[in-house]
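The next block holds one structure in the form of structure tokens; read it before the comments.
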Amino acid sequence: MELAYYSDYAVRLVNSEDPARGKDTLTSVEAVRELFGANQSAARRATEADVTRFRSVRARLRAVFEAADGGDETLAVDLLNSLLLEFPVSPQISGHDFRDDDGRPLWHMHLADHPSNATSGYAAIAAMGLAFHLTEYGVDRLGLCQAAPCRNAYLDTSTNRSRRYCSDRCATRANVAAYRARKRLEADRSESTGRAAESTQSARASGER
């Protein structure tokens, strides 16, 4: 499993809440376990107490994305470093059951957590994954959706660093809104030009009398 994969843990947790709409899906132990995805052995450690702890970690991860999105690179790094210190992991070389053509394991780096609870394990993996993504691709690759009111987190993997939205749905919605705004502006300008022309004609007519 590549280290970049772990950054998705951070995105999934942050996006379990939609502050602008007052929505929060992180309301039960089942919701906590769903965040682990395929890592069901770790998910089974979750208890009701982890709901509150997960929300606390979520707020801290969102703060990292907000700092990055706001251009405060140093703050984003400082916030992430505090998470890394609190929730450490142990890098290990792993081969699992995969083999190459020669029958040898396909070795790769794996993050082994040693948690006292499910939150500690998840936070350790999420923070390390996000740190890897930040150092490998840059702080500006951590973003928050620009399609108001959505503020979902995303990781920009585009070749030209052009991503601004968390999903195709939000991108389409933002483009439609921008198109309608341009049309309204054009209509307002046309109406304003028409009124100006009418005023000019009226003034000329009055002067000719």
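Taken together, the values in this text are just the output of simple stated rules run on the coordinates, not laboratory data. Owing to the predicted nature of the structure, the values given are computational and were not obtained by experimental measurement. Neighbour counts run over all protein chains shown; Cβ positions are idealised from the backbone, glycine included.
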| request: Report the relative contact order of the stretch 136-180, percent, no decimals, based on alpha-carbon pairs under 8 angstrom and at least 6 residues apart. | output: 33
| In Hz, Karplus ³J(HN,Hα) per residue of the stretch 39-44 (6.51, -1.76, 1.60; θ = phi - 60°; x = Gly, Pro) | 7, 6, 5, 6, 4, 5
| Given 0.36 nm per residue, what is the gain on full extension from residue 73 to residue 106 after removing their alpha carbon distance, in nm? | 8.3 nm
| Fewest first, what order do 168, 102, 50, 140 take by the number of other Cβ atoms within 10 Å? | 102, 168, 140, 50
| What ³J(HN,Hα) values, in whole Hz, does the Karplus curve 6.51 cos²θ - 1.76 cosθ + 1.60 give for the stretch 51-64 when θ = phi - 60°, with x put for Gly and Pro? | 4, 5, 5, 4, 5, 5, 5, 4, 4, 6, 5, 4, 4, 5
| said: Using the basic label-point model (7 angstrom from Cα toward the beta carbon), what is the residue 156 to residue 44 distance in nanometres? | reply: 4.2
| From the backbone phi of the stretch 153-161, what are the Karplus-calculated ³J(HN,Hα) couplings (6.51 cos²θ - 1.76 cosθ + 1.60, θ = phi - 60°) in whole Hz, Gly and Pro given as x? | 7, 8, 10, 7, 10, 5, 5, 10, 6
| field | Where only alpha carbons of the stretch 3-166 are counted, the Rg and the Dmax (Å) | value | 16.3, 54
| task | Arrange the following residues from fewest to most other Cβ atoms within 10 Å of their Cβ: 110, 133. | result | 110, 133
